[in-house]
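Asks: Handing you a structure now.
The values are calculated or read from the model by the stated rules, or taken from the named source; none is laboratory data. For clarity, every value in this text was computed on a predicted model and none was experimentally measured. Every residue, glycine among them, receives a Cβ derived from its backbone with ideal geometry; neighbour counts consider all protein chains shown. For accessibility, only protein heavy atoms count, side chains too; no ligands or nucleic acids. Shrake-Rupley method; radii C 1.70, N 1.55, O 1.52, S 1.80 Å.
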Amino acid sequence: MTLVRTQNTADNSGNGTVNGGERGTAAADLAEAFDPARFQRAVEQCAVRLRSHLDDPEIKGLDLIDPSVLTKTARDLMTAERVAIAPFDEHRLARIVDLYLSTGIQVHSPGYMGRQFSGTVPLAGLVDLVGSVANQPSSFYEAGQLPNVAERLMAEELAPLIGWDPATSAMVTTSGGSMANLTALLAARNRAFPGIWARGDAGAGVRPAVAISAEAHYSVDRAAGVLGIGEERIVRLPVDAQGRVRPELVGPALDEAERRGLRVFCLVASAGTTAMGAFDPLAEIAAITRRRGIWLHVDGAHGASLLVSPTHRGRLDGVAEADSLTWDAHKMLFVPAPCTLLFYRDASAARGAFRQRASYVFDEEPDAYSAYDSGDKTLECTKRPMIMPLWTLWSVYGPALFARKIDHLCALTSQAHRMLADEPGFTVLHEPEANILCFRYDPDGLDPAALHGLQLAIRSRVRADGRFFISKVDIDGVAALRVVLMNHRIDAGHLALLLAEIRATGNQVLRERAARDDKDGDRP
Ligand SMILES: *Cc1c(COP(=O)(O)O)cnc(C)c1O
């Protein structure tokens with residue numbers, strides 16, 4: 001006997017009945033919201049809007065709207081119906097989509113230069129749509145079969161680029177780099193202090209500590225805090241002017257920590273710092289951590305993707321010596337957020353992060369199916385099948401798509417560096433190692449406080465204008481302007497426009513200040 005699903009006819013034109021049966025029954029009331037034909041029409045309408053969004057030739061980094069105004073606009077789009085299911089209103093849906101697309105950062109516009117979120121490959125979003133409708137959470141094979149297989153396949157593709165054997169290493173996806181850093185630190189801690197998961201402490205008088213780059217992302221400090229390590233037990237490793245850990249100072253810093261009675265179990269290096277995109281000298285650092293039996297975690301949230309590029313992968317020389325690696329695909333692999341890959345050199349370490357039994361999900365004796373589960377390696381239970389957009393793009397286009405875009409963005413950033421170096425009134429703060437570049441507008445040789453204020457004023461005025469979206473970061477205590485080039489549609493012309501806008505804005509701020517100072521000077 002075959003079971004045939006009742007066909008939805010999508011004919012809603014009847015007389016009090018819809019395709020689920022008599023109106024008033026739950027099935028009938030719900031039928032419209034679940035109607036496949038309606039869904040298809042909505043997707044088609046949405047696709048038209050997305051296409052014009054992608055085609056939009058205007059430079060528009062961000063249209064920052066007063067949150068109270070946006071709240072009111074959004075509230076006006078909400079149905080007032082509070083008893084029955086509101087009838088579907090396609091105009092309401094269209095206005096919601098339009099509002100969504102027009103607010104927030106515009107990653108597809110060449111004016112978007114401020115953040116590390118991807119200028120996504122649009123097709124990746126299509127796969128997200130499929131995943132959202134099919135809803136196959138991915139921690140367990142039986143729920144998300146293809147996502148779990150795709151995770152294995154991506155690990156097989158990417159582990160060799162790190163220098164690891166897919167057969168003995170492991171990879172798990174996490175919702176963001178912050179979560180991956182936390183998970184890696186947890187695995188490192190459990191390896192160093194095997195009793196800690198059961199007892200809750202490392203043993204009498206033992207003070208677990210971590211050593212991190214002074215330029216480490218704030219999520220590393222947070223992870224340490226969550227693990228109960230305490231800010232005072234975070235050893236900060238000095239960096240050079242480019243933002244790279246100075247390897248010759250690592251040994252002395254660890255010796256000093258030991259003298260203070262700290263047990264450093266993990267060192268976190270960066271492969272692409274958030275501020276300047278600096279790559280720590282991993283091989284030299286690994287030689288030290290190896291000798292001392294310290295877990296080396298590489299936070300490659302931003303920069304690990306350079307491994308895909310034959311031109312740029314040398315930046316990560318030595319990464320094969322690490323114990324774990326955080327790799328955000330939602331940054332330089334151009335898929336929607338979140339999609340983070342956490343790699344472990346030794347597969348058994350991955351399970352070491354969580355030493356638990358839960359009979360409703362974990363099988364004591366994995367069978368052919370549950371052997372593919374990843375739930376034992378992640379903090380998350382229900383998890384988005386976030387690998388699917390990445391795996392699909394990789395399957396459809398191959399790795400060269402990613403390498404081409406990475407190479408182009410890095411070359412563009414070098415070009416921006418050359419332009420800035422030639423531009424009077426600008427100071428560039430470092431040689432870019434990837435696609436992040438920090439600089440200041442400083443036509444008058446201002447003192448640090450005034451220089452700081454000028455950069456902040458420029459950044460907020462440029463953002464308010466909305467054509468360009470750039471960010472700011474403090475470097476040695478003084479604000480700097482920062483561009484992150486994630487969009488390959490940016491060209492030299494856009495960069496020149498940006499510099500002109502910064503110059504004009506900066507000069508305007510300086511004129512206003514001078515006028516104000518004159519007025520203050522006139523006061524009796
Ligand atoms: C972006 C970033 C993070 C945080 O990752 P999320 O995916 O935003 O949680 C961590 N470390 C570095 C170096 C980053 O650039």
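Asks: Rounded if a/c is under 1.5, else prolate if a/b beats b/c, else oblate: with a ≥ b ≥ c from the C-alpha gyration tensor eigenvalues square-rooted, which is the range 25-159? Before the final figure, lay out each step's value.
Replies: Details: a/c = 2.07, a/b = 1.06, b/c = 1.95.
Here the range 25-159 falls in the oblate category.
Asks: Report the calculated FRET efficiency for R92 and A320 (r = Cβ-Cβ distance, R0 = 60 Å), to the nearest 0.05. Before the final figure, lay out each step's value.
Replies: Values: r = 54 Å, r/R0 = 0.89.
About 0.65, to the nearest 0.05.
Asks: So for the chain, taking the charge dipole from beta-carbon charges (+1 Lys/Arg, -1 Asp/Glu), which of I502, C266, T120 sits furthest toward the positive end?
Replies: Working it through, the farthest residue towards the positive pole turns out to be C266.
Asks: Here's something else I'd like to know. Please work out the FRET efficiency for the pair A450 and L497, using the Cβ-Cβ distance as r and a Förster radius of 25 Å; give the result to the nearest 0.05.
Replies: Details: r = 26 Å, r/R0 = 1.04.
Approximately 0.45, to the nearest 0.05.
Asks: Related question: Please list 3J(HN,Hα) in residue order for the range 274-288, calculated via the Karplus relation 6.51 cos²θ - 1.76 cosθ + 1.60 where θ = phi - 60°; whole Hz, with x for glycine and proline.
Replies: In residue order, the calculated couplings are 5, 5, 10, x, 8, 9, 5, x, 5, 4, 5, 5, 4, 4, 6 Hz.
Asks: What are the ³J(HN,Hα) couplings of the range 177-186, residue after residue, when phi is run through the Karplus curve with 6.51, -1.76, 1.60 and θ = phi - 60°? Round to Hz, x for glycine and proline.
Replies: x, 4, 5, 5, 4, 4, 5, 5, 5, 5
Asks: Oh, and also: Got a sec? Charge dipole of the range 427-468, +1 on Cβ for Lys and Arg, -1 for Asp and Glu; which of F439, A464, G453 is way out at the positive end?
Replies: Comparing the listed Cα positions along the dipole, A464 ranks first.
Asks: Can you put D407, D447 in order of accessible area, largest first, using a 1.4 Å probe? Write out the running numbers ahead of the final one.
Replies: On the way: D407 40, D447 90 Å².
If we order D407, D447 from most to least accessible, we get D447, D407.
Asks: A follow-up question, please. Which value at 222 nm does the chain reach when only helices count, each DSSP H run of 4 or more adding -39,500 (n - 2.57), with the total divided by all residues and rounded to the nearest 500 deg cm²/dmol? Please report the intermediate quantities before stating the final value.
Replies: Details: 17 runs with 223 residues, N = 524.
Using -39500 (n - 2.57) per qualifying helix, the result is -13500 deg cm²/dmol.
Asks: Using Stokes-Einstein with the Kirkwood hydrodynamic radius over Cα pairs, what translational diffusion coefficient do you get for the chain at 20 °C and a viscosity of 1.002 mPa s, in µm²/s rounded to a whole number?
Replies: Numbers: Rh = 25.9 Å.
The diffusion coefficient I find is 83 µm²/s.
Asks: With θ set to phi - 60°, apply the Karplus curve 6.51 cos²θ - 1.76 cosθ + 1.60 along the range 436-448 and write out the HN-Hα couplings as whole Hz, x wherever there is a Gly or Pro.
Replies: After applying 6.51 cos²θ - 1.76 cosθ + 1.60, I find 10, 9, 10, 7, 10, 9, 8, x, 10, x, 6, 6, x Hz.
Asks: For the modelled label position 7 Å from the Cα of T311 along Cα-to-Cβ, which residues of the range 408-438 have backbone nitrogen atoms closer than 18 Å?
Replies: Of the residues in the range 408-438, 408-419, 431-437 have backbone N under 18 Å from the label point off T311.
Asks: Length gain on complete extension for the stretch E81 to A371, per 0.36 nm per residue less the alpha carbon to alpha carbon distance?
Replies: Numbers: separation 290, 0.36 × 290 = 104.40 nm, distance 4.77 nm.
Gain on stretching E81 to A371: 99.6 nm.
Asks: Taking a label point 7 Å from the Cα of E256 along the Cα→Cβ vector, which residues of the range 199-234 have an amide N closer than 13 Å to it?
Replies: What the label zone holds, given the 13 Å backbone N cut-off, is 212, 214, 234.
Asks: Can you tell me how the range 418-524 classifies by the Cα gyration tensor, rounded, prolate or oblate, using a/c under 1.5 as the rounded cut? Working shown, then result.
Replies: Values: a/c = 2.22, a/b = 1.78, b/c = 1.24.
Judged from the Cα gyration tensor, the range 418-524 comes out prolate (a/c at least 1.5, a/b above b/c).
Asks: Using 1/(1 + (r/R0)^6) with R0 = 41 angstrom and r between the beta carbons of R489 and A198, what's the FRET efficiency to the nearest 0.05? Before the final figure, lay out the partial values.
Replies: Working: r = 54 Å, r/R0 = 1.31.
E(calc), rounded to 0.05, equals 0.15.
Asks: At 1.4 Å probe size, with the rest of the protein present, what percent of the exposed accessible area of the chain is carbon and sulfur atoms?
Replies: Numbers: 13830 of 25810 Å².
Of the solvent-accessible surface of the chain, carbon and sulfur hold 54 percent.
Asks: Given F140, P36, I105, which one lies farthest toward the positive end of the charge dipole of the range 13-151, if we put +1 on the Cβ of every Lys and Arg and -1 on the Cβ of every Asp and Glu?
Replies: Farthest towards the positive end: I105.
Asks: What number comes out for accessible area per residue over the chain if the probe is 1.4 Å? Units Å², please. Don't jump to the answer; show the numbers that get you there.
Replies: Working: 25810 Å² over 524 residues.
That works out to 49 Å² for each residue.
Asks: Check the straight Cα-Cα distances from K72 and name the lysines below 29 Å, setting aside those fewer than 8 residues away within the same chain.
Replies: K60
Asks: Leaving out ligands, DNA and RNA but keeping every protein chain, what accessible area does W197 have, in Å² rounded to the nearest 10, with a 1.4 Å probe?
Replies: 90
Asks: Answer rounded, prolate or oblate for the range 260-373, using the Cα gyration tensor with square roots of eigenvalues a ≥ b ≥ c: rounded when a/c is under 1.5, else prolate when a/b is larger than b/c, else oblate.
Replies: On the way: a/c = 2.24, a/b = 1.32, b/c = 1.70.
Oblate is the answer for the range 260-373, as a/c is 1.5 or above yet b/c matches or exceeds a/b.
Asks: Mark the label point 7 Å from the Cα of A47 along Cα→Cβ and return the residues of the range 101-137 whose backbone N is within less than 18 Å of it.
Replies: Residues passing the 18 Å test: 121-134.
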